[in-house]
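Below: the structure, in structure tokens.
The values are calculated or read from the model by the stated rules, or taken from the named source; none is laboratory data. Here the structure is a predicted model, which means the values were calculated and not measured. So basically every Cβ, Gly included, is an ideal-geometry build from the backbone, and we count neighbours across all protein chains shown. Side chains included, ligands, DNA and RNA excluded: accessible areas come from the protein's heavy atoms. Shrake-Rupley method; radii C 1.70, N 1.55, O 1.52, S 1.80 Å.
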Amino acid sequence: MRETPVEITVNGQPARHVVETRLTLADFLREKCGLTGTHLGCEHGACGACTVLLDGQAVRSCLIFAVQAEGQEVTTVEGVGGEDGSLSPVQAALRECHGLQCGFCTPGFVTSITALLRDNPSPTDEEIREGLSGNFCRCTGYQGIVNAVKRAAEVDNPTA
């Protein structure tokens, strides 16, 4: 098996490891960095549970090799909130609006919503549903999640 050194900035901290070239970014985060908030559901990029921000863009970490992220910045669900452990507006809104139940899909939704609101601070319901169409939830029925996105948008952009 071929191994190569990889250096990625994860949640603002450098992460350097020698890895097999076939190791996914999801497994790098979970196994090498100990960040288990990135969940693996389908491992085919369909469910969205493994979504992280790669240089600010929401990506499925199960579809990217760690070596492809060399030199880039990764933000996981652990890096979305405040350094003091406070919840981000997205996390707080999901809690407030009952946008989560079992929690398995929540990390992927948090990172996806964070990117969505950065790119579109005042999305319509249709834009929210389209923007989150790659994230599956089997528990909530989605309305709480949509409400949470709207609430987070209000908190982040109170004049909207």
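Test Gly71 against the stated conditions and say whether it is part of a loop (DSSP other than H, G, I, E, B), open to solvent by less than 50 Å² (accessible area, probe 1.4 Å) and within 18 Å of Gln13 (Cβ to Cβ). So Gly71 fails the test.
Screening Ala49, Ala58 for residues that are closer than 29 Å to Ser133 by Cβ, modelled with pLDDT of 95 or more, in a loop (DSSP other than H, G, I, E, B) and of a type outside the set (D, E, K, R) leaves exactly one candidate, Ala49. Looking only at segment 1-46, which residues are among the basic types (Lys, Arg) and modelled with pLDDT of 95 or more? The answer is Arg16, Arg22, Arg30, Lys32. For segment 133-157, the candidate set comprises residues that are in a loop (DSSP other than H, G, I, E, B) and without any contact (Cβ under 8 Å) to a residue 24 or more places away in the chain; within that set, the residue that is nearest to the chain's Cα centre (by Cα) is Ser133. Condition first: farther than 19 Å from Gly48 by Cα and open to solvent by less than 20 Å² (accessible area, probe 1.4 Å). Can you find one or more residues in segment 81-99 that meet it? Yes, some residue in segment 81-99 is farther than 19 Å from Gly48 by Cα and open to solvent by less than 20 Å² (accessible area, probe 1.4 Å).
Candidates in segment 100-125 are the residues that are assigned to a helix (DSSP H, G or I) and of a type in the set (Ser, Thr, Tyr); of these, the one that is surrounded by the most Cβ atoms within 10 Å (Cβ to Cβ) is Thr111.
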